[in-house]
4 protein chains.
Amino acid sequence: MTQKGTPTVILLAKAPLKASVGAVVTQFIYKNGWEICSHEQWVDHKKQSYFVRLEWDLPGGDVTPEDVRQAFEAEVALPHEMNWDMWFGQEPVRIAVFVTKEMAHLYELLMHCISGLWNAEVALVISNHPDLEAETRRFGVAFHHTPVNANNKEEHENRQLELLREAGIELVVLARYMQIVTERLIAPYRNHMINIHHSMLPAFAGARPYQQAYDRGVKLIGATSHYVTEDLDAGPIIAQDVVSVTHRNSVPELIEMGRRLETKVLSRAVGLYIKRRVLVEGGRTIIFD
Amino acid sequence: MTQKGTPTVILLAKAPLKASVGAVVTQFIYKNGWEICSHEQWVDHKKQSYFVRLEWDLPGGDVTPEDVRQAFEAEVALPHEMNWDMWFGQEPVRIAVFVTKEMAHLYELLMHCISGLWNAEVALVISNHPDLEAETRRFGVAFHHTPVNANNKEEHENRQLELLREAGIELVVLARYMQIVTERLIAPYRNHMINIHHSMLPAFAGARPYQQAYDRGVKLIGATSHYVTEDLDAGPIIAQDVVSVTHRNSVPELIEMGRRLETKVLSRAVGLYIKRRVLVEGGRTIIFD
Amino acid sequence: MTQKGTPTVILLAKAPLKASVGAVVTQFIYKNGWEICSHEQWVDHKKQSYFVRLEWDLPGGDVTPEDVRQAFEAEVALPHEMNWDMWFGQEPVRIAVFVTKEMAHLYELLMHCISGLWNAEVALVISNHPDLEAETRRFGVAFHHTPVNANNKEEHENRQLELLREAGIELVVLARYMQIVTERLIAPYRNHMINIHHSMLPAFAGARPYQQAYDRGVKLIGATSHYVTEDLDAGPIIAQDVVSVTHRNSVPELIEMGRRLETKVLSRAVGLYIKRRVLVEGGRTIIFD
Amino acid sequence: MTQKGTPTVILLAKAPLKASVGAVVTQFIYKNGWEICSHEQWVDHKKQSYFVRLEWDLPGGDVTPEDVRQAFEAEVALPHEMNWDMWFGQEPVRIAVFVTKEMAHLYELLMHCISGLWNAEVALVISNHPDLEAETRRFGVAFHHTPVNANNKEEHENRQLELLREAGIELVVLARYMQIVTERLIAPYRNHMINIHHSMLPAFAGARPYQQAYDRGVKLIGATSHYVTEDLDAGPIIAQDVVSVTHRNSVPELIEMGRRLETKVLSRAVGLYIKRRVLVEGGRTIIFD
């Protein structure tokens, strides 16, 4: 969507609500002569908070991203106690994907990057098993085998952190990574680590969830993608979806339908992140889409 | 769909799978010169069970429903160890609706009956509160107030049973009836008593489910309609659905959206029952729709 | 949602975009000490237009609706060249429904009014056939038979207009009314007259659209609800939806599924109108939902 | 789903309806001691036609596919005037994709093959432009540039046919191939050539369909995938879907949403073909899914 020399700027911001804060933000853009392409806001009138996402074109010329950031901080953010982040179109998001033995989600993520649907790059794949190395390298992506288990977690998580830092990773995606990650990894990637969970309707705890779903005769199966927090499966939800099933579907079919649904929901969550459409506030996500 | 003198017959049946059972059933209809309008079957090859739903036109003449039933029993059902039921278009399903203080679901059920969408009649409304009497009677429907509570349940459930029998009720619908019903009522209405449950995704137990859903920031809320069994909320599921919600929806909005979803899901379940599209097998429903 | 003495005020407005217009509108509410319940806006940056929908609580006291309107006009609307409308919770929307021989849509509209889902009242039913008189009167609604045809349209449309005026009708709903209405009726009800159309995917012109859909083997059938304009079926679209169909569905089933879909889509459109969520701009609708 | 040595056999068949035809088909499988995994049928009672799709496991041993085919022909198909086809799990479907300048659909098709979701292989890409050669070859797929235009169509279509034959292509997918194909190509690939069409709701003929959709303010955009026939865009429909849009979506967003929808609908259609779930009858598809 961006022509050469005309990067699109994206702003995500949150501020205490004062009646004029919305006007001040858009005024900042207009007075510089820039054109707004997209403008979404939400006001939480209970908590008196203002949330905004803005996209505008920055015509080529003398203005640098740093100029824009400094001016915005001084003129808008500081006086309005704003939390904000700003992106300039050029740099793809660098993603690390953690996997175990299943490629399905990784394939989908790779394809969204390769095809240009996302301005992102899978820069690193980390796995606790060596199985997917060849298939990963086929796409020119670095693969690291870190044989983590309950006993050596500290050593391997430190190694994983090092790999993430070396590769300049911004976003970590857990794509059916069958190990629990600890605060060591989560803390530096808070709101930058996304997981996918086979949540069912009604939710089935314990082993063999799809067998339970079949036995119970559910008519819908679900999946949930969320940011990872130390509280397992309780992080802020980014995307959820369901698929209809019938008595005709066998347990293997439910498993396959569930996996495809997970792929779809995970991709939706990662896509929202990459397009800078997700804000986190009080354990919930604000999504501008 | 039925012209005068040409009732539509509906058959729901289950039998052990023998290769010829399907042929025998349809042969029974063809050799009598009747025309099949609708024909659905499912074979559970694991359990070697055969399920079928058939609709056919019965031209007016000398043949009575009793004739058809007797011939079918002798020629098809007995030799094939079949469980079956058969309906002839004329008689509307007589429904009793149990409510407490909310009309929303009852309105929807009434409208489906009055408008002719369903061949059914709300013949009786029973409530543990007197509030909805006037609004119920406005539709010409009998209303009975049975002030049941934990201490007098036996007495009132016996009274309720009596009312159901006197009114010739075939189907009981619990439409946000805020009392637990016991085996006393459930047993005589097994697979003829439908409830609606605000199951959420993920499921929220305990008080104020929609507040919990809001706090958790879910993107979907759900509802489940099922046959009532003694095991609370664990009966065979007939229909489920979800509705998308966003951070913009307040708790009151979630409550309203949830209630509308419940109305829709309950109506779907009751409609499937009335159109004779539901079979129960091993705690699951087989639905031909 | 409104407690006695605390009406909810709804504002729908459009203005040329100046950076401060949004702030001015919310400032008007805040400085009066009122609480905003809902706040949605959209900016058409191409056309430099600002659209807003606001809901706020007006605490009981000395302030009358007329006070609020006058203050808003003087302080906000006039200086900002704003087109606007404002509603105060109390008065139900008075609806007239035009029908021919089918009750399905009318039943649904009646039920939404009776159940309190909508703050609205079907105050009048007008038909070119006498068939639905008894069923309409059962709900205590006035019914008028105006036997309009191609030759006497002027006379009958004048009579219809008179009936609409006498009943203080704000919204006219064409619910499978099988007569073309002329400018005579449309002009005084511009953006206050809603129709439902069986638009198909792909669209089928001509006779027997569902037979055509069946022959073509479509997998989806659709419906469209729109404001009525002189240009037949080209008015601003308010709601559209589709339903999946399969090769198993017969033409009568397609007709019934299509009619139910129409009912749903028409109700959605009328509900959006009643909740003051629809603005019209340049032949398109802006919908805040 | 198939273990080594236990291929899954799929049968798609159509026959005149005689009451016993269904029994004869399943009897054929049972008497050989094979286990049915999936069994779907549809009876068109109007036309007295029987359609069936069966999947069963063929235990390893002496029986060859040719044995099965011959026995089925002799015992079932011939005596019942059956049209039928049978597949044995092993051989992937060989696909040729025709493109012009857009990779999006091709990426999706490639990923479904590479990931093993489909038992299929993109064996050949043909384009009237050279642009996508490098990106295609990256996946190890042969690319042929046939610069067809209105004047040289015969010559190039003959070349294309030759390429299809040499590569042993079973299925041709037109993935935004911006040339009209003639009977020369269509005839040998009847019911083996799938196209994707941006059909809209309501349908927009002529240039710039998404601009028209925007101007008209539609709330849904659609896409249709169908078998190619000589009658442009009138072939049997395999899959259709829609996506909701709002006034907030710009024309470029509509174009992108439309393209993604097309990708999804085309993949759905191709997947149904590959899984042998599509029968064609009288210009309509019978889909067993």
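Key figures
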| quantity | calculated |
| --- | --- |
| Buried solvent-accessible surface, both chains (B, D), 1.4 Å probe, Å² to nearest 100 | 1200 |
| Space enclosed by the convex hull of the alpha-carbon atoms of the stretch A:101-157, per residue, Å³ | 84 |
| Per-residue ³J(HN,Hα) for the stretch D:279-289, Karplus 6.51 cos²θ - 1.76 cosθ + 1.60, θ = phi - 60°, Hz, x for Gly and Pro | 10, 10, 8, x, x, 10, 9, 9, 10, 9, 9 |
| Under 28 Å between alpha carbons - lysine pairs in chain D that sit 8 or more apart or on different chains | 17 |
| Kirkwood-based shape ratio for the stretch B:102-238, expressed as Rg/Rh from alpha carbons | 0.98 |
| Counting DSSP beta bridges with both ends in the protein assembly as shown, the antiparallel % (nearest 5) | 70 |
| Under 5 Å, built H, 5+ apart or other chain: amide partners of A:Ala239 | A:Ser225 |
| Net charge, D:Ile238 excluded, C-beta distance under 11 Å - Lys, Arg +1, Asp, Glu -1 | +3 |
| Mean projection area, nm², convex hull over Cα of chain A | 17.4 |
| Residue closest to axis [chain A; rotation mapping onto C; Cβ; Å] | A:Ala23, 2 |
| Residue-level accessible surface for B:Arg190, protein heavy atoms, 1.4 Å, Å² | 100 |
| Cα-only Debye scattering, the protein assembly as shown: base-10 log of I(q)/I(0) at q = 0.07 Å⁻¹ | -0.77 |
| Helix axis angle, A:21-31 relative to chain A longest principal axis, alpha carbon, degrees | 70 |
| Carbon plus sulfur fraction of accessible area for the protein assembly as shown, probe 1.4 Å, in percent | 50 |
| Shielding of C:39-45 by partner chains, average beta-carbon count, 10 Å | 6 |
| Exposure ranking of C:Trp42, B:Trp84 by accessible area [1.4 Å probe, largest first] | B:Trp84, C:Trp42 |
| Fraction of the pair-distance distribution of the stretch C:8-88 above 18 Å, Cα-Cα pairs, percent | 35 |
| C:Lys101 accessible area, 1.4 Å probe, all protein chains in place, Å² to nearest 10 | 110 |
| Chain B, relative contact order [Cα under 8 Å, separation at least 6], % | 14 |
| Computed FRET value (nearest 0.05) for C:Val251 with A:Thr64, which takes r as the C-beta separation and R₀ as 56 Å | 0.30 |
| DSSP-defined antiparallel bridges as percent of all bridges, the stretch A:93-287, nearest 5 | 45 |
| Chain C: calculated mean residue ellipticity at 222 nm from DSSP helix runs of at least 4, using -39500 (n - 2.57) | -9000 deg cm²/dmol |
| Shortest-first distances to equivalent copies, position A:Gln70, nm, label 7 Å out along Cβ | 5.4, 8.7, 10.1 |
| Residue-averaged beta-carbon neighbours from other chains (10 angstrom radius) around D:248-259 | 2 |
| C-alpha long axis of helix B:251-274 to longest principal axis of chain B, angle in ° | 20 |
| Pseudo-label separations to other copies for B:Ser20 - Cα-to-Cβ vector, 7 Å, nm | 0.8, 9.1, 9.2 |
| Peptide D:111-123, shielding by other chains (average Cβ, 10 Å cutoff) | 3 |
| Crossing angle, helix C:104-114 versus chain C [Cα axis fit, 0-90 degrees, rounded to tens] | 30 |
| Shortest-first distances to equivalent copies, position A:Leu163, nm, label 7 Å out along Cβ | 4.1, 6.7, 7.6 |
| Pairs of alpha carbons in the stretch B:67-126 whose separation is greater than 20 Å (percent) | 48 |
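The values are calculated or read from the model by the stated rules, or taken from the named source; none is laboratory data. Note that the coordinates shown come from a computational prediction; the quantities given were computed from them, not determined experimentally. Every residue, glycine as well, gets a Cβ built from its backbone with ideal geometry; the counts of neighbours run over all protein chains shown. With ligands, DNA and RNA removed, areas are computed over all heavy atoms of the protein, side chains included. Shrake-Rupley method; radii C 1.70, N 1.55, O 1.52, S 1.80 Å.
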